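Quick notes on the structure that follows.
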Amino acid sequence: MESTLGGSFGLSQLLNVTFGSERPATRARETRLAVIALVTGLALAAMWGLAAGSSSAELAIADLYKVPMVILLSAITALPPGLLMLRIANAKLSAVELAGAFATSIFGGTLVLATLAPLVAIYYHTSAKAGVPLALGSVFVSLATASMLFARAVARRLGEHKRGSLVAVVVLVAIFLAALLQFVALASPIIGVHGTTFELGLDGFHL
């Protein structure tokens, strides 16, 4: 059921919009929510970065800005092609609605990272084998959650007229992931002092 959001967005309202029980009633509120969701998401990503880099104080401090920077740059890279695809596909979704759904999905994904951050930190300092795999696993869970939230948010905004807009969603997500992989490589190490195979970018897959 749709509901009109009040004058200011609190965390509970942001959660409600992100996970589907509310949606913004106007484009102005959609824009405001997108900004709040993105800023909050970057702060949550910094919390995960602190945990992921906790194997050394220097890396932990660096990850406070590295992880949010990687996410922000990847989003900036992916959004223009997604908006262009909206026009090419003659989709019913507006640019503001696509950007709003994208921003709230980033918030949802980074919320998963922040929730798992304490567990990642604990395992870094108590297990020589499980810390890095757990950190990587939290990233994959976060990406899957964000992608699902994004597709669902777009579908909720469109009703039966989904096809063209969902093409834009696929393009945006694909470019975001491709950009993320290479920005992670530029910012590495992020997970552990020696990094991981995924932090080598595309070259790490030996294609």
Q | Residue list for the stretch 35-62, filter: free of Cβ contacts under 8 Å to residues at least 60 places away in the same chain and in contact with a Gly (Cβ under 6 Å, 6 or more places away or on another chain) | A | ALA60
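Anything in the stretch 54-76 that is modelled with pLDDT of 85 or more and farther than 30 Å from LEU166 by Cα? List them, or say none. Can you show your working first?
Residues of the stretch 54-76 that are modelled with pLDDT of 85 or more, as a first pass: 57-76.
Those that are modelled with pLDDT of 85 or more and farther than 30 Å from LEU166 by Cα: ALA57, GLU58, LEU59, ALA60, ILE61, ALA62, ASP63, LEU64, TYR65, LYS66.
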Q) In the stretch 103-160, which residues are under 27 Å from SER54 (Cα atoms) and charged (D, E, K, R)? A) LYS129
Q. Taking the stretch 125-154 only, how many residues are modelled with pLDDT of 80 or more, in contact with a Leu (Cβ under 9 Å, 6 or more places away or on another chain) and not aromatic (Phe, Trp, Tyr)?
A. 12
Q. Taking the stretch 77-113 only, how many residues are among the small types (Gly, Ala, Ser), touching a residue at least 60 places away in the same chain (Cβ under 8 Å) and either surrounded by fewer than 22 Cβ atoms within 10 Å (Cβ to Cβ) or in contact with a Gly (Cβ under 6 Å, 6 or more places away or on another chain) (or both)?
A. 5
Q | Where a residue in the stretch 142-160 is of a type in the set (Gly, Ala, Ser) and its partner, wherever it lies, is at pLDDT below 85 and exposed (fewer than 15 other Cβ atoms within 10 Å of the Cβ), with Cβ under 8 Å and at least six apart | A | ALA153/GLY20
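Out of LEU79, LEU119, which single residue is more than 19 Å from THR40 (Cα to Cα), part of a helix (DSSP H, G or I) and modelled with pLDDT of 90 or more? Working first, answer last.
Numbers: LEU79 fails: more than 19 Å from THR40 (Cα to Cα).
Being more than 19 Å from THR40 (Cα to Cα), part of a helix (DSSP H, G or I) and modelled with pLDDT of 90 or more holds for just one of LEU79, LEU119, which is LEU119.
Any chance the stretch 169-192 includes a residue that's at pLDDT below 80 and outside any loop (DSSP other than H, G, I, E, B)? Spell out the reasoning first.
We begin by selecting, within the stretch 169-192, every residue at pLDDT below 80; these are 192.
After this cut, where a residue has to be outside any loop (DSSP other than H, G, I, E, B) as well, the list is none.
No.
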Q) Are any residues in the stretch 125-157 hydroxyl-bearing (Ser, Thr, Tyr), assigned to a helix (DSSP H, G or I) and surrounded by fewer than 22 Cβ atoms within 10 Å (Cβ to Cβ), and if so, which ones? A) THR126, THR145, SER147
Q. Of all residues in the stretch 18-34, which are in a helix (DSSP H, G or I) and either surrounded by fewer than 14 Cβ atoms within 10 Å (Cβ to Cβ) or at pLDDT below 80 (or both)?
A. ARG27, ALA28
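The values are calculated or read from the model by the stated rules, or taken from the named source; none is laboratory data. Only a predicted model underlies this, so the values are computations on that prediction, with no experimental measurement involved. Cβ: placed from backbone, ideal geometry, glycine included. Neighbour counts: every protein chain shown.
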